[in-house]
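Q: Here's a structure for you.
The values are calculated or read from the model by the stated rules, or taken from the named source; none is laboratory data. Everything numeric here is computed off the predicted structure, so don't read it as measured data. No Cβ is skipped: glycine too gets one built from the backbone with ideal geometry, and neighbour counts run over all protein chains shown. For the accessible areas, the whole protein counts, side chains as well, though only heavy atoms, and no ligand, DNA or RNA atoms are used. Shrake-Rupley method; radii C 1.70, N 1.55, O 1.52, S 1.80 Å.
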Amino acid sequence: EGFRFRQDQTTSPDEAKTLRQAALAALRPEFHLRADRFYNAPDTEFDVTEQGGLMWGDQAIGKLVKGDGPLKPTAEAFVDDEAGPEVIQKVQRRLQHFIDRRIAAMFEPLLALSRDETVTGLARGVAFRMLEVFGIVPRADIADDIKALDQEARGMLRKHGVRFGQFTIFQPLLLKPAPTRLRLVLWGLWQGLDTFPESPPPGLVTIPHDTLQPQGYYAMSGYRPAGARAIRIDMLERLADMLRGQDTRGGFEAKADMLSISGLTLDQFADLMGGLGYRADRGERPKLKPVAAPEPAATDAPETVDETPLGVAPPTGLEGSDIPDPAPTEIPVAPPTEAPPEPPVETPADQPDETPPAPPSEAPDDAPGEDATAPGAEASAPVETEVFYTFTWAPRRQGGGPRGPRRDANRQGGDGAKQADGGKPRGEGFKPRGDGGKPRGEGGK
């Protein structure tokens, strides 16, 4: 199996010892030949499992162990001692080359940022901080450093694809499935975990929030917990951009594009917003039905055309046969042709007793149908309602207590003492920008 010999256990101890000595003597040339093939094999034949195992095709060749840095793990080869030190070193060296090249390819934007000597000052400090946490760092962890960066320093970092989000400082290229899968392995090694958590399925905007996962798992996965679910950090930043223009103090409703980018139902979205620091007030209202468009006038044209030929056979193109304006050539034709048909048409309408029993039976059948659709019947029908939520900015207090009038032991002059951060709301979530953060005067302006 790879570079290890597994002996059949069906023999007796004496036979097993003799068989192993003979087998190893015969396998030494095979170990050298296999080591040469292994060393010259392309990287496409190797892979890293989610538990840090190193595979050569379907054979386990080694595993990763903690190294000198987060992005510098050590490859440990699975080779029998009987294979000899030369084979062991060759396999070990080839595995180390593979994992180093794999990390360099997956984390190229982050490594390029750390090697750029033009990034200096505070920007270089942020770059090294990102290198330590695999390119994804919650903004709250380095809020002071980010606040101290000037535009020139931010430009140095943006040149390498760094995005300054309201929640996370990250490089979007590192959120792809392959870097995420490898990042969780390297993070598990650096944290000393016995079992590494699996990466989320690719392509999901939100995933269930499992509180049993180790701390820091969701950040390394590229997600942020919010309520019962965790949302991908790049989509969360897009949602934050949409919320900037909303009236976060007066309240606003979720729009279709907000639900679309999150892929959640309205109830799930309300729970998500609660995890981001918003209060969701549930309500119901009558559902507005779409107004049906009036039927086009073209539907009346066939009826008038159909009635005209019944009364006047020769002039099929005239619709105003009752108006005495048509050409004089049609006047002598109209009296003889219209006089006979008019009496039979009017007699069935004027004499209901002479008609067959079928028409009178249809009249009472239509009458109850119209009574069933009377306004009284419509009023008795249940009114269809819809659920809506009104979201207002209500961040959680650090003490976990309910929001309300501030009570401070150091109150002076009837006003509570200001917080050290200038009275900004604290807790999870983000402070909305735009008109939501301005006090509202008369007229809601």
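Q: At q = 0.10, 0.17 Å⁻¹, what base-10 log of I(q)/I(0) does the Debye formula yield for the range 62-169 when every alpha carbon is treated as an equal point scatterer in vacuo?
A: -0.41, -0.80
Q: Please report, as a whole percent, how much of the solvent-accessible surface of the range 103-161 comes from carbon and sulfur atoms (probe radius 1.4 Å).
A: Within the range 103-161, the accessible surface is 53 percent carbon and sulfur.
Q: Hey, another quick one. For Ser260, tell me the accessible area in Å² from a 1.4 Å probe, rounded to the nearest 10.
A: 90
Q: Something else about it: Please compute the length gained on full extension between Thr118 and Ala104, using 0.36 nm multiplied by the number of residues separating them and subtracting their Cα-Cα distance.
A: 3.0 nm
Q: Something else: Roughly what would the spin-label model give for Thr195 and Asp144, points 7 Å off Cα along C-beta, in nm?
A: The answer from the label model is 3.9 nm.
Q: Moving on to the next point. Convex hull over the Cα atoms of the range 4-50, averaged projected area in nm²?
A: 5.0
Q: What is the P(r) of the range 1-108, as percent of Cα-Cα pairs per 5 Å bin from 0?
A: 2, 12, 21, 21, 16, 12, 8, 5, 3, 1, 0, 0
Q: Moving on. How much FRET efficiency would the formula 1/(1 + (r/R0)^6) give for Ala60 and Thr385, where r is the Cβ-Cβ distance and R0 is 60 Å, rounded to 0.05?
A: Details: r = 60 Å, r/R0 = 1.00.
So, using R0 = 60 Å, E works out to roughly 0.50.
Q: Please list Tyr218, Tyr39 in order of solvent-accessible area, largest first, computed with a 1.4 Å probe with all protein chains present.
A: Result, largest first: Tyr39, Tyr218.
Q: Further question: To one decimal place, what orientation-averaged projected area in nm² is obtained for the convex hull of the Cα set of the range 236-275?
A: Projected over every direction and averaged, the Cα hull of the range 236-275 covers 2.7 nm².
Q: Also: Taking only protein heavy atoms and a 1.4 Å probe, what accessible area per residue, in Å², does the range 76-141 have with all protein chains in place?
A: 48
Q: How high is the FRET efficiency from Gln215 to Arg282, r the C-beta distance, R0 41 Å, rounded to 0.05?
A: Approximately 0.80, to the nearest 0.05.
Q: Please give the length that would be gained between Lys289 and Thr265 if that part of the chain were fully extended, namely 0.36 nm times their separation in residues minus their C-alpha to C-alpha distance (nm, one decimal).
A: Numbers: separation 24, 0.36 × 24 = 8.64 nm, distance 2.07 nm.
Fully extending the segment from Lys289 to Thr265 adds 6.6 nm.
Q: Assuming 0.36 nm per residue, please report the length gained on full extension of the stretch Glu30 to Arg244 beyond their Cα-Cα distance. Could the numbers behind the result be given before it?
A: Values: separation 214, 0.36 × 214 = 77.04 nm, distance 6.68 nm.
Result for the pair: 70.4 nm of gain on full extension.
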